[in-house]
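The values are calculated or read from the model by the stated rules, or taken from the named source; none is laboratory data. For clarity, every value in this text was computed on a predicted model and none was experimentally measured. All Cβ positions, glycine included, derive from the backbone under ideal geometry; neighbour counts span all protein chains shown.
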Amino acid sequence: MKASAIAHSNIALIKYWGRSSQHDPQLNIPLNDTVSMTKNGLTNGIHLQTHTTIEFSSDFDRDTVVVEGQEIAGRHLERVVRVVDHLRRQAQVADRFRMVSRNDFPTQAGLASSASAFAALALAAASALGLEFTREQLSTVARLGSGSAARSIHGGFVYCHRGQSHDTAYAEQICPTNCFDMNAVIAIVDVGRKTITSDEGHRLATTSPFNDVRIQISQQQAQQIRKLILENNFNAVGRLAEANCLYMHAVMMTSQPALFYWQPTTLKIIKTVQQLREAGLPCYFTIDAGPNVHCLCQSQNMLELQKILDSIDGVQKTILVEPAEDAFVTDRHLF
Ligand code: DP6
């Protein structure tokens, strides 16, 4: 009853901010449909992936979780147990587990790790328990740990339904890695931990007067962007992703208390992307709940864009990314 899995992180093009209050908050059901690209890092051997091993045994007297060599407790442990408990119930197994997880990127690098972490956990745990789930079912399990993790079960470009229940709030693949020419350069501005977690931010979303409008427009944008990805229309996808990012940050900045994730360098990058576009280099920005910027581009322009972003004062480093493969089971165990 031991299995390992590897999953990649993802960047949302149509973003999730705020959970549905009509459901148990522990289900992490988002207020709107979302769309993302699962990402594979191309810089310094960093693939932006999490490798997780889990074992169930009647010999264990408690559940243990070790992340990056450190045993975790409290809120982080509860999130892991919530995912595993769901699967233990389905498999009718009462055994305790030991889980060990490692990212191939520094956790303190300002890059989200919960999406790849909970996708790898859902896949490894289901596999260790012998549960034969579809990828869509697995995505609902990953969501119990982190909303964005549902999408990291799939590779390529992914659509996540807000749904009306646990089972209908699932992620599905729009198309695989090679169907749409989009890469990104991540400009790292700050490597520190977030002062306000996404968890707190999701709770504050409804305090913004613009929240309902964002939800309504995001629903339309999610449908539109899916179609544009399938049509390989990079510029239209970039425009929509950028607009959706600004709607989310408008909600963040107008919630009570107001949340500002940007730093002065974030704005410098936004301005640079706009100027580059005017000068004929097609690129667009998107920003999650932090100061770092994902600059979306086509593969042919990636290195040129990286050079320009590297030269901006305040950019600590850049990481190139391309679409990644599906999360997968591996026989390389971490213990
Ligand atoms: C801004 O609840 O998935 O990245 O705190 O990492 O679990 P964690 O975040 P999560 O919220 C993600 C919010 C977002 C937008 C998105 O990825 O859709």
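Scan region 131-158 and report the pairs whose first residue is modelled with pLDDT under 95 and whose second residue is more than 14 Å from the ligand (Cβ to nearest atom), with Cβ atoms within less than 9 Å and a gap of 6+ or a chain change.
No pair meets every condition.
Given Arg102, Arg96, Arg82, Arg88, which one is of a type in the set (D, E, K, R) and within 16 Å of the ligand (Cβ to nearest atom)?
So the residue among Arg102, Arg96, Arg82, Arg88 that is of a type in the set (D, E, K, R) and within 16 Å of the ligand (Cβ to nearest atom) is Arg82.
Name the residue, out of Ile225, Ile229, that is touching a residue at least 24 places away in the same chain (Cβ under 8 Å), within 14 Å of the ligand (Cβ to nearest atom) and out of contact with any Ser or Thr (no Cβ under 8 Å at 6 or more places or on another chain).
Ile225
Do we have Asp288 as touching a residue at least 40 places away in the same chain (Cβ under 8 Å) and exposed (fewer than 15 other Cβ atoms within 10 Å of the Cβ) here?
no
Residues to consider are Thr195, Thr207; find the one that is at pLDDT 95 or above and away from the ligand (no atom under 12 Å from the Cβ).
None of the others qualify; the one that does is Thr207.
Determine the pairs where a residue that is small (Gly, Ala, Ser), located within region 30-53, has a partner that is not in a strand (DSSP E or B) with Cβ atoms under 6 Å apart, the partner being 6 or more residues away or on another chain.
Short answer, once both residue conditions are applied: Ser36/Arg151; Gly41/His47; Gly41/Leu48.
For Arg239, are the conditions met, namely being touching a residue at least 12 places away in the same chain (Cβ under 8 Å) and in a helix (DSSP H, G or I)?
Yes; evaluated as a whole, the condition is true for this residue.
Counting residues that are of a type in the set (A, V, I, L, M), which strands (runs of 3 or more DSSP E) fully inside region 45-126 reach at least 3?
Output list reads 64-67.
Only one of these conditions is not met by Gly238: (1) surrounded by fewer than 19 Cβ atoms within 10 Å (Cβ to Cβ); (2) more than 14 Å from the ligand (Cβ to nearest atom). Which number is it?
It is condition (1) that Gly238 fails.
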